[in-house]
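Asks: Submitted below is the structure of interest, expressed as structure tokens.
No lab work stands behind these numbers, since they all come straight from the coordinates. No experiment lies behind these values; they were computed from the predicted model shown. We place every Cβ from the backbone using ideal geometry, glycine too, and count neighbours over all the protein chains shown.
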Amino acid sequence: MTEKISKDKTKNQKVSRRGFLKTAAVAGATAGALGFPAVMRASAADPINFKVQTAWDAGTLGYVKFKEFCEEVTAASEGKIVFQGFPAGAIVGTFEMFDAVKAGVFDAMHCFDVYWPGKIPVATFLSSYPFGLDRPDQWETWYHELGGREFAREAYGSQNMYYIGPIQHDDNLIHSKVPIRTFEDFNGKKIRYPGGIIADIYRSAGVATVLLPGGEVYPALEKGVIDGADFVGAAINYNLGFGEIAKYIIMGPPSTPCLHQPVDLMSLNINIKKWKSLAPHWQTFIEAMVAKHSYDQYSAIQAEDIKAFEKLQVEQGVEIIRLSEEDIAKFRRFAPQMWVKWAKKSPLAMKAFKSQLEFMKSVKVGYMKDADMVDIDGKKLEF
């Protein structure tokens, strides 16, 4: 498989931030151009209330940004749209949110798309997966210019929900109670992954994968039920105290710092009946506010990650282990056949995957070529 060209990390961050600044600017311009305050004053209707549960645990930076988002929606609408935010598990368990919003138990979920391939197979390709698109700006391009948002809306729409848009936050880390320094060291380790294609690729490499919702990861690590866990980035994991019980963080080399989920996307999904009850200007308003929230959450978490890595090492004695380029190449061999396996779960999943593959094969990205689409034995994959 064609090697991903190792770019200067700072340059990559600048590219990503330009993309997000554009998104934020569009959101702000949209709100201003539509004259939301004037529209709001013209409406004498009672406030429209939304109960929204997030996957973020209370006390984390992610939850802080979620609560700020809810408050900003209420303030910017002059109280006409009220988002009442709840932390993970407050109304239902995280893995029950999908069915609860679908049934109208509450109005909206702020959650990770990677949790839902069992509900909507295309969810495999609505967030990053091992060795696919791996930069925030690439995912922004795919969603907003290459059809990704339409794929998501078709999928969630079939489940009685309306997909608003992607919400950026961070790449993911592996926290481990034992040192894992090579590809071979993963063999037999019990590591929590979010399921789906990510777990499949690591299982192929000999990992004993374990599926757990976020709220159960810390106690499972603490009690030694698992050896390690894929979870979110440094800032959130520091908030949760992972460094107190798992003294190793496993990362890839600078060219591929996160092996499994480099762009862990969230989204806001609203019960379709609730969404259709809104006037068009309020629908546009919520879409603009979600775009702004994506930028706010991403930039805040990136800044805190820098501080958190230092705290994890200095305050909690965590060792950062980086795998080699050779280790990454060994993992990468398993990826194409797993991509195809999961793309075959539904026609919509296949359409989404093929659109991403074409993007990866483009001169703009250059991660793949046709000859790379082979299985572990070198046989050409049919799809």
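Asks: Relative contact order for the chain using alpha-carbon pairs under 8 Å, separation at least 6, rounded to a whole percent?
Replies: For the chain, the relative contact order is 24 percent.
Asks: A follow-up question, please. Any chance you could give the angle, 0 to 90 degrees and rounded to 10, that helix 148-157 forms with the longest Cα principal axis of the chain?
Replies: 70
Asks: When the label point is put 7 Å from the Cα of Glu319 along its Cα-to-beta-carbon vector, which residues of the stretch 192-233 have a backbone N closer than 18 Å?
Replies: 227-229
Asks: For n ≥ 4 DSSP H runs only, could you compute -39500 (n - 2.57) per run for the chain, divide by its residues and tell me the 222 nm figure to the nearest 500?
Replies: That calculation yields -14000 deg cm²/dmol at 222 nm.
Asks: Another question, then. Which lysines have a Cα lying under 23 Å from the Cα of Lys274, excluding residues fewer than 8 positions away in the same chain?
Replies: Of all the lysines, those that pass the test against Lys274 - Cα under 23 Å, at least 8 places apart if same chain - are Lys51, Lys67, Lys80, Lys102, Lys119, Lys292.
Asks: Can you give the Rg to Rh ratio of the stretch 273-383, both from alpha-carbon atoms, with Rh computed by the Kirkwood formula?
Replies: Rounded to two decimals, Rg over Rh is 1.13.
Asks: Given R₀ = 30 Å, FRET efficiency for Asp370-Arg153 by Cβ-Cβ distance, to 0.05?
Replies: It comes out at approximately 0.50.
Asks: Right, here's the next one. How big is the chain on each of its three principal axes, counting only the C-alpha atoms and giving the largest first in Å?
Replies: Result for the chain: principal-axis Cα extents of 65, 47, 40 Å.
Asks: Identify all lysines with a Cα-Cα distance to Lys364 below 24 Å; exclude those on the same chain that are fewer than 8 residues away in sequence.
Replies: Hits, sequence-local ones excluded: Lys4, Lys7, Lys9, Lys11, Lys14, Lys22, Lys351, Lys354.
Asks: So, one more: Can you give the angle from 0 to 90° between the axis of helix 136-145 and the longest principal axis of the chain, with both taken from C-alpha atoms, to the nearest 10?
Replies: Tilt relative to the chain: about 50 degrees.
Asks: Under a GNM of the chain (C-alpha, springs under 10 Å), which listed residue has the highest mean-square fluctuation: Pro166, Pro262, Pro347?
Replies: Result: Pro347 has the largest fluctuation of those listed.
Asks: With springs only between Cα atoms under 10 Å apart, run a GNM on the chain and tell me which of Thr94, Thr60, Thr209 wobbles the most.
Replies: Thr60
Asks: Would you kindly derive the ³J(HN,Hα) couplings of the stretch 170-179 from the backbone phi angles with the Karplus curve 6.51 cos²θ - 1.76 cosθ + 1.60 (θ = phi - 60°), listing them in order in whole Hz, with x for Gly and Pro?
Replies: Once θ is set to phi - 60°, the couplings for the stretch 170-179 become 5, 8, 10, 10, 9, 9, 9, 7, 10, x Hz.
Asks: Calculate how steeply helix 61-76 sits against the longest principal axis of the alpha-carbon atoms of the chain, using the helix alpha-carbon long axis, and give the answer as 0 to 90 degrees to the nearest 10.
Replies: Here the helix axis deviates by roughly 20 degrees.
Asks: In percent, how large is the relative contact order of the stretch 275-383, given Cα pairs closer than 8 Å and 6 or more residues apart?
Replies: 18
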